[in-house]
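Asker: My questions all concern the structure below.
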Amino acid sequence: MLAVSPTTRAILPPPIPDGGYRNGNTAEGDRALQSLTNGSFNTANGNSVLLNNTSGTGNAAVGFQALLNNTGGLANTAIGYVALAYNTTGDYNTAIGRDALEFNAIDSFNTASGF
């Protein structure tokens with residue numbers, strides 16, 4: 001006999017399969033790419049990763065709040081806890097490690113590794 005718990009609830013919105021977002025975007029994690037409107041080819045993995053990204057394209061972020069405030073920056077890579085967290089429109093930055101380039105907001109073509 002099969003019984004269904006009365007507390008079973010549907011997930012809203014329903015989950016989208018990996019890689020199933022429009023414009024080639026991929027997101028995995030709570031609030032990852034939550035604000036996306038028309039950006040494309042972004043990859044977000046972690047809690048609040050690329051949270052405020054609306055039109056940024058070609059960004060890759062892994063780790064809690066990596067590229068958190070990015071809105072329109074292009075081709076940034078952030079790997080690590082709050083890496084490039086304050087970037088909004090800076091382009092072509094690479095930050096690897098906890099807090100790497102955390103406070104970079106609009107500057108472009110930077111590379112940082114380590115804490």
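Asker: Does Gly39 satisfy being modelled with pLDDT under 95, crowded, with 23+ Cβ neighbours inside 10 Å, more than 8 Å from the chain's Cα centre (by Cα) and within 25 Å of Thr111 (Cα to Cα)?
Answerer: Spelling it out, Gly39 is indeed modelled with pLDDT under 95, crowded, with 23+ Cβ neighbours inside 10 Å, more than 8 Å from the chain's Cα centre (by Cα) and within 25 Å of Thr111 (Cα to Cα).
Asker: While we're on this one: Counting just the residues of region 85-115 that are of a type in the set (S, T, N, Q) and assigned to a strand (DSSP E or B), which one comes out nearest to Leu68 (Cα to Cα)?
Answerer: Thr94
Asker: To continue, here is another question. Of these, Tyr81, Tyr92, Tyr86, which one is touching a Lys or Arg at 6+ places or on another chain (Cβ under 6 Å) and aromatic (Phe, Trp, Tyr)?
Answerer: Step by step, each of Tyr81, Tyr92, Tyr86 is checked, and only Tyr81 is touching a Lys or Arg at 6+ places or on another chain (Cβ under 6 Å) and aromatic (Phe, Trp, Tyr).
Asker: A further question on this structure: So which of Ala61, Ala10, Ala32 ends up being modelled with pLDDT of 95 or more and either under 19 Å from Ser113 (Cβ atoms) or not β-branched (Val, Ile, Thr) (or both)?
Answerer: Being modelled with pLDDT of 95 or more and either under 19 Å from Ser113 (Cβ atoms) or not β-branched (Val, Ile, Thr) (or both) holds for just one of Ala61, Ala10, Ala32, which is Ala61.
Asker: Scan region 64-115 for residues that are more than 21 Å from Leu36 (Cα to Cα) and surrounded by fewer than 16 Cβ atoms within 10 Å (Cβ to Cβ) and report the count.
Answerer: 9
The values are calculated or read from the model by the stated rules, or taken from the named source; none is laboratory data. Keep in mind the model is a prediction, meaning the values are calculated, not measured. We place every Cβ from the backbone using ideal geometry, glycine too, and count neighbours over all the protein chains shown.
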